[in-house]
Amino acid sequence: MTIDIYWRIGMEGDHASLRTPRRYNRGHANGYGPGNIAPAIRDGALDGYGYIDHMAAVAKASESAGFLGGLLPSFPVTDDPWAVAAALARETTTYRFMVAFQPGFLHPVQAARMSASLQRATGGRLVYNIISGGGGPAQLWWGDKVAHDDRYARTSEFLDVLRGVWDGEPYDHDGRFFRTESAALAPGIAGQPFPEVYFSGSSAAAVHAAGRHADYYLSWLEPFADLRAKFDGVRANAETIGRTPKFAVRIDVLARHTEEAAWAEIEKGWAFVDRGAAERAAKGDSVGAARIQGWVPETITGYRDLEVEPNVWCGFSLIRGGPAFGLVGSYEQVAQRLDELIDLGVDAFILAGNPHLEEAYRVGEEVLPLLGRSRLTASAAAASLSPAR
């Protein structure tokens, strides 16, 4: 069984570490003051090493550490992931680029042309992370006032049109959101491998759209029993139309040689927690975000109150932006939890850690080689650790 494992590339800048969660020292999120890198101020001027160079370093590091590719997120505060994918493709060899985008902001024919061009230029290394938007202020930044369920209807129609023009035959469509007349890709780019589709969303509308279009249904990490129930619902919905989706989970990882060392990192970051800011950032109509809020205790006396099951901690969103749940523990414990998720039905992971460059090496070198070890007998595990002859 092959498990596809991606790494996240921090498009919005990066923390120095989770120990100092308010200190962005990579990129321009907090300006270009002393201590900043990518770029840095040297002799009173920027050194010319831009954040795109740093993202290239993360891509090359995670490629060399064994990751299949990288997720390029898309937010109002990030560079455009399509442009970044094109730039970073020349810096890597086989690395795939999972471009996150909201279908409402591109016409599907233009998206098809962009995608097919990138597929031809990279040898088929484009992957889609389809997001339909979480509502709230971030959605309004794009000027998008389409209601929640309608956004998924728009996404579904978008993908229908994109596939319709993909092979280069004239395609007509007169729908609710999009219209085309004899649209087709140029012969030089038509017929490229269609990108794999990672599709996220926890609402009924999202699950229905994912059933039609997803190669991988993508979820944030949740308590394992809840994740299993979610996957069962997605699977049942897809089966009604004769499809069998795979499953992927996006997970932040904080792994160290010992469990105590990993929790010590969390303890240091906990001193900076601003729960009110995290709650304000979660505003919107995202069903997934609402699910997360349901697992966070109303009364928190300490960081370990947020460990909902062994090594599964739901406090990450309190010390950095992004999903609440992640894994905290020793290298062996984190690998075992990932193995348990594979047993639960997960086919792919998108992993992340702060800072993204150093943690790509750490997770790739220390955690990924341990996957599958928990399934071995004691004798087989000992044999697998023996030096190669």
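Name every residue in segment 312-332 that is open to solvent by 10 Å² or more (accessible area, probe 1.4 Å), over 22 Å from L368 (Cα atoms) and of a type outside the set (A, V, I, L, M), in order of residue number. Residues satisfying the conditions are S317, R320, G321, G322.
Scoring P387 on the criteria (1) modelled with pLDDT under 95; (2) surrounded by 21 or more Cβ atoms within 10 Å (Cβ to Cβ) leaves a single failure, condition (2).
So which residues in segment 19-61 are in a loop (DSSP other than H, G, I, E, B), under 22 Å from G364 (Cβ atoms) and open to solvent by 10 Å² or more (accessible area, probe 1.4 Å), if there are any at all? If the condition is that a residue be in a loop (DSSP other than H, G, I, E, B), under 22 Å from G364 (Cβ atoms) and open to solvent by 10 Å² or more (accessible area, probe 1.4 Å), then R19 is the only one that fits.
Being small (G, A, S) and at pLDDT below 90 is the filter; apply it to segment 135-175 and report the residue that is surrounded by the most Cβ atoms within 10 Å (Cβ to Cβ). The residue in question is G135. Of the residues that make up segment 63-71, is at least one buried (at least 17 other Cβ atoms within 10 Å of the Cβ) and of a type in the set (S, T, N, Q)? No, there is no match, as no residue in segment 63-71 is buried (at least 17 other Cβ atoms within 10 Å of the Cβ) and of a type in the set (S, T, N, Q). Would you check if there is a residue in segment 25-34 being of a type in the set (D, E, K, R), closer than 20 Å to W7 by Cβ and modelled with pLDDT of 95 or more? There is no residue in segment 25-34 that is of a type in the set (D, E, K, R), closer than 20 Å to W7 by Cβ and modelled with pLDDT of 95 or more. State whether the residues of segment 126-133 include one that is modelled with pLDDT under 95, closer than 30 Å to F67 by Cα and open to solvent by 20 Å² or more (accessible area, probe 1.4 Å). Scanning segment 126-133 turns up at least one residue that is modelled with pLDDT under 95, closer than 30 Å to F67 by Cα and open to solvent by 20 Å² or more (accessible area, probe 1.4 Å).
Out of R212, R151, R228, one residue alone is touching a Lys or Arg at 6+ places or on another chain (Cβ under 8 Å), touching a residue at least 12 places away in the same chain (Cβ under 8 Å) and among the basic types (K, R). It is R212. Enumerate the pairs (first residue in segment 260-271 and within 17 Å of D305 (Cβ to Cβ) and of a type in the set (G, A, S); second residue anywhere and modelled with pLDDT under 95 and not in a helix (DSSP H, G or I)) with beta-carbon separation below 7 Å, excluding pairs fewer than 6 apart on the same chain, so at least 6 apart or on different chains. The qualifying pairs are G269/L18; G269/R19; G269/P21. Summed over segment 186-195, the residues that are in contact (Cβ under 8 Å) with a residue 60 or more places away in the chain, buried (at least 18 other Cβ atoms within 10 Å of the Cβ) and out of contact with any Lys or Arg (no Cβ under 6 Å at 6 or more places or on another chain) give a count of 1. Based on this model, can you work out whether D252 counts as under 26 Å from L338 (Cβ atoms) and touching a Pro at 6+ places or on another chain (Cβ under 8 Å)? The answer is yes for D252. A count restricted to segment 90-119 and to residues that are open to solvent by 20 Å² or more (accessible area, probe 1.4 Å), part of a loop (DSSP other than H, G, I, E, B) and not β-branched (V, I, T) stands at 5.
This table checks each residue for (1) modelled with pLDDT of 90 or more; (2) buried (at least 20 other Cβ atoms within 10 Å of the Cβ); (3) within 18 Å of E259 (Cβ to Cβ).
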residue: T299; (1), (2), (3): no, no, no
residue: V334; (1), (2), (3): yes, yes, yes
residue: R362; (1), (2), (3): yes, no, yes
residue: E366; (1), (2), (3): yes, no, yes
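The values are calculated or read from the model by the stated rules, or taken from the named source; none is laboratory data. Being a predicted model, the structure only gives us computed values, none of them experimental. Note that each Cβ is placed from the backbone with ideal geometry, even for glycine, and that neighbours are counted across all protein chains shown. Accessible surface areas use protein heavy atoms only, side chains included; no ligands, DNA or RNA. Shrake-Rupley method; radii C 1.70, N 1.55, O 1.52, S 1.80 Å.
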